[in-house]
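**Student:** The structure that follows is given in the form of structure tokens.
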Amino acid sequence: MSPSTPALIRAHGLTKSYGDRHVLQDVDLTLPHGIHALLGPNGAGKTTLIKILSTLIPRDGGELQVLGLDPARGRRALQSRISLTGQFAAVDGTLSALENLEMLGRLFGLDATTARVRGRELLERFELAEFQRTRTSSLSGGMRRKLDIAAGLMSRPHLVFLDEPTTGLDTRSRRVLWEELRTLAEQGTSILLTTQYLEEADALAQQIRVLHEGRIVAGGTAEELKRLVGGTVLRVTGDGGEVLEEIATTGTSEDLAVHLVEVASRLPRADIALHRPTLDEVFLQLTGHTAVSSESAPPHPTAPLHI
């Protein structure tokens, strides 16, 4: 990012309350252009923060700029540059997949031909081309989710907000979406996503922020966050799989070799494995909660809100 380019998001002392409930408390957040993830347990304030950043609700206090604009003062200008796909649906079940995209394209100001071309391009990219004439109500939940996200890209936004975008998708569809998000970022579109799938944040995000009880409690790259809970550990196990000992190491080959020789001299039949901290361990340490497993989370009805 050049010195003349404003930060993607810059917030200082952001607050939001509903009655006596303080949902956001003095949130400071600065992110460059790129792909970023906001993590936190249910009730942490993630969706509220996304709604404020995307102009849907006003903040109570603090300073905020998104793409160099204050959402409170430059709401319309900002809305023309962003897209939000939320957790609940906004596609019309009586229209076909292509008709939904064409309709949104026209609302964004595209002419009929351009909207159709853009819609077909997005259906192809999200592996939905063969269903372009299918009524949306007949599509599977995963297909509707991909259509929701495609709809939010019709206007070629500068910044896309995705609130738990892959909930309900199977593993293959999730990875297809990841590749599409990476492609978008390479083409200059920035993305801020909320997720409880730590594998998703690890795979995609250049920067991660952890929100807990309305506050940002940690931030950095995935590797920087993992170092918060320790470095590489040499785990020594017995014949029955029981952990005999864990030895902290620097992670370098030289240090590992020294420890391996020492363990081999004492426990020649023991099994040895390297363990590196995971985002799951970071999440648990920072929030006291376990995250949702990307393989075991139950699907729920999904859908978006596009602005």
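Readers should treat all values here as calculations from the given coordinates under stated rules, not as data from a laboratory. Computed from a prediction, not measured in an experiment: that's the story for all the values here. All Cβ positions, glycine included, derive from the backbone under ideal geometry; neighbour counts span all protein chains shown.
**Student:** Do we find that residue 150 is in contact (Cβ under 8 Å) with a residue 24 or more places away in the chain, over 25 Å from residue 98 (Cβ atoms) and under 17 Å from the mean Cα position of the chain (by Cα) in this structure?
**Tutor:** Here the answer is no, as residue 150 does not meet what is asked.
**Student:** Still on this structure, I have one more. Looking at region 133-147 only, could you name the residues that are in contact with a helix residue (DSSP H, G or I) (Cβ under 9 Å, 6 or more places away or on another chain) and either crowded, with 19+ Cβ neighbours inside 10 Å or in a helix (DSSP H, G or I) (or both)?
**Tutor:** 136, 137, 138, 139, 142, 143, 144, 145, 146, 147
**Student:** So, in region 33-56, of the ones that are hydrophobic (A, V, I, L, M, F, W, C) and either part of a helix (DSSP H, G or I) or at positive phi (or both), which residue ends up surrounded by the most Cβ atoms within 10 Å (Cβ to Cβ)?
**Tutor:** Ranking the qualifying residues of region 33-56, first place goes to 49.
**Student:** Against the condition surrounded by fewer than 17 Cβ atoms within 10 Å (Cβ to Cβ) and closer than 20 Å to residue 164 by Cβ, how does residue 83 come out, does it pass?
**Tutor:** no
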